[in-house]
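The structure appears right after this line, and notes come after that.
The values are calculated or read from the model by the stated rules, or taken from the named source; none is laboratory data. Just so it is clear, the structure is predicted and the values come from calculations on it, not from any experiment. Here Cβ is always computed from backbone atoms with ideal geometry, including for glycine, and neighbour counts include all displayed protein chains.
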Amino acid sequence: MKKLILLLLLIPALGIAQQTETTTTTTTTTGDPTTQNNNDSPKDQSDCLPGYIGFRFLPTFTDFNIKQQNNGNVKGTFVMGYGFGGVIGYRFNPYFGLQGEVLYSVLAQEFTSGEKKQRLDLSYINIPIMAALSTNSCKGVSLNVVAGPQFGINTGSKVKTEGGDGVDTVQAVVAVKPADFGFAYGAGLDFKLSQSIILGIGFRGVYGLVDISDNSKSATTDQYYIIDRSHVNTYAGYVGLSFAF
């Protein structure tokens, strides 16, 4: 009887033999079955080379004061002069850069003195140094605006009589200072013909800041200074080619 009671006590303790089920969870990480192989290279930076050098031609009109024999000023008639030279520049980014030019310019005006039609020519080597702003110089077409100081060196002057009869009793004398200084400004369009060739067209103006007349020499009784208290203002169009590097 005791053995039976002991067996009844052991059965609840041992219980029914339990099998421990082991559940193995396998986590499968499934990557993107489509692996993109990006073979595209970055944008070719040669499309936006920072430096450029080139040449320009500038049909030019000039405004300055012309003096008559009787000491009165006469308004000259606009005559097309011209300018040509080189340009070099560097863009710090597609929107801002610096630009310098060396231009040979012939400035001209016609005027009438008595019955004579005369033409005054002044020639300068001009050196503008300007800040250049662009809408985006990396684009195929971009708008630019430039402004800055211009230094000028006078290389010659002359007066040519184109009509009238008789002999001049009073001779016109052209006397100008050897240097000029002004403020250059303008705007234009740049067209990228290729990665490194740029066609530029636009407008350029210069506002003279100093009096170019030089009356330091004494004129004789049969001479008079044709330029007196005059500032040079020019208005030009331009066309040119530049090569990026």
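Here is how the numbers come out for the structure above:
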read-out	value
Candidates D180, D214, filtered to the one that is touching a strand residue (DSSP E or B) at 6+ places or on another chain (Cβ under 6 Å) and at pLDDT 95 or above	D180
G81 being touching a residue at least 24 places away in the same chain (Cβ under 8 Å) and farther than 17 Å from V176 by Cβ	no
Hits in the range 99-129 (condition: surrounded by fewer than 20 Cβ atoms within 10 Å (Cβ to Cβ) and under 12 Å from T155 (Cα atoms))	Y104, V106, D121, S123, I125
